[in-house]
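Single-structure report; data block below.
No lab work stands behind these numbers, since they all come straight from the coordinates. Small disclaimer: the values here were computed from a predicted structure and weren't measured. Cβ sites come from the backbone with ideal geometry, for glycine too, and all protein chains shown count toward neighbours.
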Number of protein chains: 2
Amino acid sequence: MNRCHNFNAGPAVLPVPVLERIRDEMLSLPGVGMSVLEISHRSTTFETILAAAEDRLRRLLNVPDTHHILFLQGGASLQFSMVPLNFLPRDGSADYLVTGSWSEKAVEEARKVGRVNLAGTTKAENYARIPKPAELRLDPTAAYVHFTSNNTIFGTQWHTEPEVGDVPLVCDASSDFLSRPLDIRKYALIYAGAQKNAGPAGVTIVIVRDDWLRRIPDGLPTMLDYRTHVKHRSLYNTPPVFAVYVVGLVLEYLEAQGGLAVVSAANAEKAARLYAVIDAGGFYRGTAERDSRSLMNVCFRLPTPELEQMFLQESSANGFAGLAGHRSVGGIRASLYNALPMDSVMALIDFMRDFARCHG
Amino acid sequence: MNRCHNFNAGPAVLPVPVLERIRDEMLSLPGVGMSVLEISHRSTTFETILAAAEDRLRRLLNVPDTHHILFLQGGASLQFSMVPLNFLPRDGSADYLVTGSWSEKAVEEARKVGRVNLAGTTKAENYARIPKPAELRLDPTAAYVHFTSNNTIFGTQWHTEPEVGDVPLVCDASSDFLSRPLDIRKYALIYAGAQKNAGPAGVTIVIVRDDWLRRIPDGLPTMLDYRTHVKHRSLYNTPPVFAVYVVGLVLEYLEAQGGLAVVSAANAEKAARLYAVIDAGGFYRGTAERDSRSLMNVCFRLPTPELEQMFLQESSANGFAGLAGHRSVGGIRASLYNALPMDSVMALIDFMRDFARCHG
């Protein structure tokens, strides 16, 4: 099986043992006589899969009993609307920290519901960094503060949560969720599309604090009311069974690796090695400011657009996939999610050194 | 590989060749070097998968150019809200034909948006039949007429569409979509969760007439506005890549079978044989009136609840899965979706005859 070095920004590389397990069980889950694609979501088989996924996630992230874990559909894009519909009163205001395109989209949806205070943004600097604490203009009466923990397009990341006092903190963690330990107690709600570190596209993980649910107004569409999914434990309607199953396998794999502290250290090492090559020699140029750099998405440029095109073509011919920057910004982006092996990083580094030597 | 006879009501049995193909390609799609779970939704690989699925569906159902095909998330349950949010003006009224629990849920969501006229219901008869044409009280000024083509819980089915004149027709076809040919020109919008005949849970197919989109008001949450998904060809945000891929494989399989006329004839034959056993001998009793019977979900009772429990236990021990009626009504339900082989039906018939002989 000839597999490439997969630097996709998401959907992204998954652990090979997880893929092998899915393959081996595809015709029949052990002892069940049906594929996971064919089981009822009301069966004990699926209840066990769902409960195990929730339990593993609770252990890996130390999710306290104060918080519910939900497996939903619609991606972060639907959360952009669900968060304000549930928690932004029509006469209230929410603080949004805007660090890239995904934050902008979240703001756009919130503005359809109520007032938005742009409490911090680096748009004027083309989102090359995360705002500094002193730059934030937080409203102590805000319904919540929303931020995007990692910005795939601009390659920046909040290395610690913004300080928001008693205001509920909401986070779109889609692109760094499960890449590092988190103190879930700091969050009123955190959400993540699974398709980076947690599993395949098609399921969105939401962790929400129970006491915050009391703020939800009545009359929302049933599927958009978080209480529906809390009450029915993600089984109000047919959930994305297969995607939840794969997330469960990924979580099992992460536990076997030793948990998120171990995974986080490996991610830091992968990123450090790659950034070191970018910083040495002057051929490559990182786009994000150093102290805002993402450990997940390493974005960089070459001296000319022509060299970037050549870099993408040659890397592709050499078995590297997914290295093109987002179509809105161009350049090169190497995404280093949990499941990307160090071997792939080392292979990319070798390729980059060779390329710089030939064209520098 | 010991596979059971899978009579699940959905998620449900899939064609074995489809499962084998998924298994064989799980580590790497041919020539791609990545699993389908790892490809970017912006890649040409996925664009090809998505376009092929749409093309096959267009061919199988003769979907005219006037109609768009969308692959969304959230199941029929989210469509219950999206349909009225997009097409029921706040000062308008929509006609709902109520033939079971799913229709009731659709009504509940529509009432949060505007007025609902219950234009036909058999609730007083415990939904044992579909309303007759003369019983319908349709409003010629309604924004649309909504009906549920097949009722999984009560085992009834509309064998032809209700006559609605010029009023736009909307159908929740979740549980008989792709089981028979349809004249799509009759529909302004038809939607179906994939997890019966079309594929796995996690993707919802929507077919909507282009000129109807003009009625959609501005200001909806972006993800709930059908125009978003039309404009972006189901790629506004990350779609459920794997589920779309499996739907594509199922559609390819259905084409290879000879198309929906062939499939429909096979479904009719399976249902006819099973209903014949129910009607013979007086031990089993069908719950739906004969001319309203579903070809998808065959619901029946035994003389006593104790015998039903015994039937479920013994059938389970003999390799039959999914035969319990919905938890809200009890009894027995055998779902005969496209991918259920005639062999499974014949095995069930043998089992039922033996059981009736022993306990009748």
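Things to note:
- Across chain B, the relative contact order, built from alpha-carbon pairs under 8 Å that are at least six residues apart, equals 23 percent.
- Net charge over other residues, Cβ less than 15 angstrom from the Cβ of A:M296 (K, R count +1; D, E count -1): +3
- Classification of chain B by its C-alpha gyration tensor yields an oblate form. The axis ratio a/c (a ≥ b ≥ c) is 1.5 or more, and b/c is at least a/b.
- Net charge dipole size for the protein assembly as shown [Lys, Arg +1 and Asp, Glu -1 on Cβ; Debye, nearest 20]: 480
- Within the shell defined by Cβ-Cβ distances under 11 Å, the residues around B:D139 carry a net charge of +1, with Lys and Arg each +1 and Asp and Glu each -1.
- In the structure shown, the pairs A:K132/A:K270; A:K123/B:K105; A:K123/A:K270; A:K105/A:K186; A:K231/B:K196; A:K186/A:K270 are assessed against 32 Å; a Cα-Cα span above that value is assigned to A:K123/B:K105.
- Sites listed here are trypsin sites (Lys or Arg not before Pro) in the range A:1-99 whose DSSP assignment is loop and whose Cβ has at most 11 other Cβ atoms within 10 Å: A:R90.
- Per-peptide packing, taken as the mean over residues of other Cβ atoms within 10 Å, places A:249-262, A:294-307 in the sequence A:294-307, A:249-262 from highest down.
- For the range A:100-114, 3J(HN,Hα) per residue [Karplus equation, 6.51 cos²θ - 1.76 cosθ + 1.60, θ = phi - 60°, Hz, x = Gly/Pro]: x, 4, 6, 4, 4, 5, 4, 4, 4, 6, 5, 5, 6, 9, x
- For B:201-211, mean number of other protein chain Cβ atoms within 10 Å: 3
- Peptide B:74-85 has a mean shielding of 4, counted as Cβ atoms of other protein chains within 10 Å of each residue's Cβ.
- Percent RCO, i.e. relative contact order, over the range B:247-360, from Cα pairs under 8 Å lying at least 6 residues apart: 24
- The mean number of Cβ atoms from other chains found within 10 Å of a Cβ in peptide A:173-180 is 0, as a whole number.
- Ascending list, in nanometres, of distances separating the A:G319 label from those of the other copies (7 Å, Cα toward Cβ): 4.4
- Shape of the range A:163-240, Cα gyration tensor, a/c cut at 1.5: oblate
- Prolate/oblate/rounded call for the range B:112-225, Cα gyration tensor, a/c under 1.5 rounded: oblate
- Cut-off 14 Å between beta-carbons: net charge of the residues surrounding B:V98, Lys and Arg +1, Asp and Glu -1: -2
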